[in-house]
Each structure stands twice: as C-alpha cells, then as structure tokens.
C-alpha cells in the first residue's frame with residue numbers, strides 16, 4: 001500500500017480514531033457529510049458470531065473462478081496436501097508478508113460458487129500475521145471452529161468445499177467490489193453486529209470526528225435512561241472512558 005493509493009494519508013493512524021465507534025455512528029456521520037448509502041456493504045455479508053467488532057485499513061484480494069477442475073488424487077497423502085498440489089500447478093498469490101497489524105482483509109470472490117476460501121486454519125494464520133478482520137462476499141467453512149476461536153470473519157454464506165479446482169487469486173491490493181461497494185487498499189472498514197461499512201480514506205478523519213460526537217451524545221442519553229431504570233452501567237455508556245481516550249489521542253497528535 002503506497003501513499004499514492006491513500007493520498008498521502010496514513011490509514012493506520014486514522015484507524016485509531018475509530019476505536020470506540022459503532023458502525024451506526026459512522027453511517028450517520030457519512031450521511032451528514034452527504035455520503036448517503038456510500039460504503040454500506042450488503043446485509044447478506046454478516047459476522048459469523050455475535051459481538052464481533054473491528055476497524056482497520058483494507059487489504060484487498062480479488063479472486064476469479066477457476067477455469068479448470070481439480071484432478072483425481074491417488075493417495076491419502078496427496079488428498080491431505082491438495083492445496084499445495086493445486087497451488088504448485090496453477091500458482092498462488094498470498095498475503096503473507098503484506099498484512100500489517102490492524103489490516104482488514106477484503107475478499108472479492110468474483111462470483112465463484114460454493115468454496116470455502118476462508119476456513120478455520122488460514123483465517124487464524126491471517127490473525128497471527130496481524131489482521132483484525134476478514135470479510136468475504138463468498139463462503140466460509142469450518143464455521144464452528146471459527147466461532148469457537150472468535151476469529152473475526154464476515155461472510156455471505158457458510159460453505160463446505162475447498163479451493164482446488166474452484167477459485168484462484170487474481171490480484172492482491174487492487175480496487176475491488178465486495179457486497180455492492182467499492183473497496184480500495186487503505187479505505188477504513190468496520191464491522192459490528194449491525195453490519196459492515198467502508199469509509200473512503202479521503203473522508204475517514206472527518207467522518208470519525210462527527211461519529212465520535214454522535215456516539216458520546218448517545219452514550220450520555222442512554223446513561224440517563226440506565227440511571228432512571230436502576231440498570232448497572234456497562235461499557236456502552238462509559239462516555240468518560242471514550243472522552244478520555246480521544247482527549248489523550250488528540251494530545252498525542254498535537
């Protein structure tokens with residue numbers, strides 16, 4: 001990801017502005033600056049478990065359907081190693097060495113059919129490398145383990161099949177379409193239980209400023225309701241913590 005791709009803006013610094021924000025706060029802020037319905041990823045693409053939440057710059061993968069089937073394998077060893085055999089024959093572009101701490105991996109599957117491009121092992125490997133979220137407009141497999149591990153994956157569907165003979169990576173870090181929205185490397189992507197939003201990097205700082213004000217105003221009002229109902233406070237109404245974080249962040253960058 002180059003400065004040219006992000007207009008000289010460091011998306012990893014911008015990411016810090018989104019720490020406390022909800023997707024709805026960001027969507028409201030985007031409405032407020034005239035970005036109506038921009039970045040709203042299809043609601044069909046959902047977190048695989050409740051409570052998932054992440055923000056980060058996009059690292060994109062553009063895939064296409066494979067133009068050839070997988071051939072018959074002859075031994076158990078070959079079947080276990082099917083991915084390596086397939087990649088050796090047709091080639092493979094991976095993300096190893098490209099993922100930075102905080103990246104959100106966006107996967108455009110190019111209309112491929114059922115194929116678990118992401119599963120419990122390779123997604124956890126991406127997290128080890130620093131990814132904070134993975135989004136695909138296709139399928140995810142091994143979903144019990146994904147949820148058990150709390151691996152942050154959003155997918156359009158749950159699937160069963162593996163990569164060989166079904167899908168290939170065409171490009172890494174190109175502009176892609178995912179869930180009906182454009183995603184470029186470095187755009188800020190967020191997820192929570194309400195869905196996914198993509199914020200163009202050019203307006204991401206401005207959006208965060210407005211979204212922060214929306215969030216804290218909501219926290220304060222909800223805190224009043226909590227108090228009237230005798231409800232114990234939780235982190236969703238702890239506006240002091242949010243204000244302290246953003247004040248410290250502003251001091252660190254001034």
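Structure data summary
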item	result
Antiparallel bridge percentage (DSSP; both residues within the chain; nearest 5)	60
Along principal axes, Cα extents of region 1-96, largest first, whole Å	60, 35, 24
Semi-axis lengths, Å, the chain, gyration tensor of Cα atoms, sqrt of 5 times eigenvalues	37, 20, 15
Cα-based shape type of region 98-221, given that a ≥ b ≥ c are square roots of the gyration tensor eigenvalues and the cut on a/c is 1.5	prolate
Cα shape, region 192-254, gyration tensor, a/c 1.5 rule	oblate
Helix 239-253 axis, angle to the chain major axis (alpha carbon atoms, nearest 10°)	80
Two-site FRET efficiency, residue 37 against residue 70, from Cβ-Cβ distance with R₀ of 41 Å, rounded to 0.05	0.55
Rough spin-label spacing in nm, given labels placed 7 Å along Cα→Cβ, for residue 194 and residue 50	1.7
Folded to 0 to 90 degrees: helix 23-32 orientation relative to the chain principal axis, Cα	70
Between helix 204-229 and the chain: long-axis angle, C-alpha atoms, 0 to 90°, nearest 10	60
Ranking of 227, 108 by count of other Cβ atoms within 10 Å, fewest first	227, 108
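Only the coordinates and a few stated rules stand behind these numbers; no lab work does. As the structure is a prediction and not an experimental result, all values here were calculated from the model. Quick reminder, even Gly has a Cβ in these numbers, built from the backbone with ideal geometry, and neighbours come from all protein chains shown.
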